[in-house]
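Chemist: One structure follows; several queries about it will come next.
The values are calculated or read from the model by the stated rules, or taken from the named source; none is laboratory data. Here the structure is a predicted model, which is why all the values come from computation and not from measurement. Here the Cβ is made from the backbone with ideal geometry for all residues, glycine too, and neighbour counts use every protein chain on show. These area figures cover heavy atoms from the full protein model, side chains too; ligands, DNA and RNA do not enter into them. Shrake-Rupley method; radii C 1.70, N 1.55, O 1.52, S 1.80 Å.
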Amino acid sequence: MSTRPEAGDSGNGAAPEHGNGEDGERLPRPLPEAVRSRVIDYGSDVLGGMRAAELPAPLRRVAKFEPRRRARLAGPQIAAQLETDPAFRTLVAERVEQVWPELAEGLRSGVVPPAADPVAVGACAYLLRPPGWVDIVEGVHSELDREAGAKEADEAAEALEEVNHRLAQAREEHRAETDRLRALIKEHKAEISELRQKVHTERRRAREATARAEQVALRADERAAEATGRVGALESENRRLKSRLSAAEAQVENARRAVRAGRNADEARLRVLLDVLVDASHGLRRELALPAAVDSPADLVAAEADERRRVSLGGLPDDDPGLLEHLLTVPRVHLLVDGYNVTKTGYGTLPLADQRTRLLSSLEGLASRTKAEITCVFDGADVDAPPAVAQTRRVRLLFSAPGETADELIVRLVRAEPPGRPIAVVTSDREIVGAVRRAGARAISSPIFLRRLESHG
């Protein structure tokens with residue numbers, strides 16, 4: 001391709017509405033789309049490496065975009081800035097000259113490499129603006145138009161050849177289909193003739209079958225009348241047998257009532273005798289002033305030791321993940337749970353009723369697995385009556401009374417336990433933690449307790 005400007009052809013005779021360079025040359029028509037896209041790509045690449053102070057004001061907003069996104073979304077702005085901002089165009093031209101040094105040198109000397117890409121030649125000429133650049137761009141435009149026309153002609157010829165091939169193939173298929181249909185029609189005619197003969201034969205057989213069916217129906221009516229007579233006789237016999245069965249069942253029921261009456265009399269006499277013996281034993285215990293239970297000396301020593309100290313629940317730090325498992329293995333441990341403190345730590349976005357239901361369900365499962373005594377306390381001071389919550393079989397549920405907080409109820413429950421009873425309180429409230437520790441109980445934080453419930457949920 002040669003886009004070297006011809007002598008005496010400066011390109012100034014066309015309308016000057018496109019491309020105004022410093023030398024006054026103008027493009028008579030817009031850049032080819034391929035050249036315009038290449039110019040925008042060059043400008044987009046240069047924007048990404050410019051400092052903020054050097055960026056043109058209209059392009060500062062898009063300079064932070066990824067290069068492909070920048071070229072796709074801000075292509076018109078980049079093209080307009082390259083046309084109107086010589087400084088920005090010079091920066092882009094320098095970048096292009098670094099990428100295509102031989103092409104840039106050839107354009108400045110008026111010689112375009114014959115094997116050069118026309119799009120690259122047009123983009124470099126537009127950005128570098130060498131003498132006669134308008135003619136170079138116009139030459140590229142003409143070359144691209146010729147290539148596009150040749151490509152369209154080749155495509156049209158290929159399409160025409162494909163259509164002719166398909167037409168010939170369709171004709172051949174049509175001829176083969178016609179022959180096949182003719183043969184099929186011939187076969188169908190023969191089949192129709194054969195079917196007509198079969199229909200005549202089947203009609204004759206149908207008439208004979210109808211006559212036989214009438215004879216069979218007549219014999220069936222005779223047998224039905226005979227069967228009706230037999231059914232009447234069987235029903236009479238059945239009614240007689242049912243009557244005898246009812247009489248037998250009445251006799252059996254009378255015998256059962258007689259047996260129950262005799263057994264009830266014996267049980268009544270035995271119950272009276274047992275009541276006499278129980279009353280006699282109670283009277284003898286009152287007369288001798290015997291206690292309700294007798295303690296052994298060893299039990300008295302153990303009770304005295306329990307009064308001096310409460311069972312130790314220490315040994316592990318408060319943030320140890322195995323603390324709850326350790327406490328639940330202590331015999332006869334009583335686990336007190338600060339209900340709302342636990343639910344608002346784990347699932348505080350739920351309504352209060354759903355919080356209570358979810359916690360009680362988890363505590364029921366924990367009580368089933370560990371057999372520990374568990375009491376769950378909720379604050380009920382702000383309501384006239386405790387909310388309706390289904391009582392569970394293994395978890396004790398308490399609401400604080402009006403005028404009393406759940407914290408005070410928990411401390412009162414701890415102090416109500418005997419000195420020898422091991423107690424653990426689940427709460428993250430510092431005031432409750434301090435109060436229950438002074439009363440001799442061990443505190444467990446709500447997050448540790450929730451993790452234990454979730455791991456065994």
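Chemist: Which length gain, in nm to one decimal place, applies between V330 and A156 when the Cα-Cα distance is subtracted from 0.36 nm times their residue separation?
Modeler: Contour length minus Cα-Cα distance gives 53.4 nm.
Chemist: Give me the net charge for the shell around G229: Cβ to Cβ below 14 angstrom, other residues only, Lys and Arg +1, Asp and Glu -1.
Modeler: That sum, taken over residues with Cβ under 14 Å, equals -3.
Chemist: For E177 and R430, compute 0.36 nm times the residue count separating them, minus their Cα-Cα distance, and round to one decimal in nm.
Modeler: Full-extension gain reported as 81.7 nm.
Chemist: Restricting things to alpha carbons, tell me how big segment 87-211 is in terms of Rg and Dmax, in Å.
Modeler: 37.8, 115
Chemist: Taking only protein heavy atoms into account and a 1.4 Å probe, give the accessible area per residue of segment 68-178 in Å².
Modeler: I get 58 Å² per residue for segment 68-178.
Chemist: May I pose another question? When you count, for each residue, the other Cβ atoms within 10 Å and take the mean per peptide, how do 104-112, 343-351, 207-215, 85-93 rank with the highest first?
Modeler: 85-93, 104-112, 343-351, 207-215
Chemist: Averaged per residue, what accessible surface does segment 180-225 expose to a 1.4 Å probe, in Å²?
Modeler: Heavy-atom SASA per residue in segment 180-225 reads 97 Å².
Chemist: While we're looking at this one, here's another question. Sorted by packing (mean other beta-carbon atoms within 10 Å per residue), highest first, where do 33-44, 221-232 land?
Modeler: Output ranking for 33-44, 221-232: 33-44, 221-232.
Chemist: Between E102 and E364, how high is the FRET efficiency from 1/(1 + (r/R0)^6) when r is the Cβ-Cβ distance and R₀ = 60 Å? Nearest 0.05.
Modeler: Calculated value: 0.10.
Chemist: Skipping prolines and chain starts, which residues have an amide H placed within reach, meaning under 5 Å, of the one on V425, given they are 5 or more residues away or on another chain?
Modeler: Under 5 Å from the amide H of V425 lie the amide H atoms of L336, R442, A443, I444, each far enough along the sequence or on another chain.
Chemist: Express the carbon and sulfur contribution to the solvent-accessible surface of segment 130-288 as a percent, rounded to the nearest whole number, probe 1.4 angstrom.
Modeler: 56 percent
Chemist: Measuring with a 1.4 Å probe in the full set of protein chains, what accessible area per residue, in whole Å², belongs to segment 399-457?
Modeler: Accessible area per residue, segment 399-457: 48 Å².
Chemist: If you don't mind, another one. Using a 1.4 Å probe, how large is the accessible area of E454, given in Å² and rounded to the nearest 10?
Modeler: Accessible surface of E454 is approximately 140 Å².
Chemist: Which one of Y340, T357, L453 has its Cα pushed farthest toward the positive end of the charge dipole of segment 324-457, where Lys and Arg give +1 and Asp and Glu give -1 at the Cβ?
Modeler: Farthest towards the positive pole: L453.
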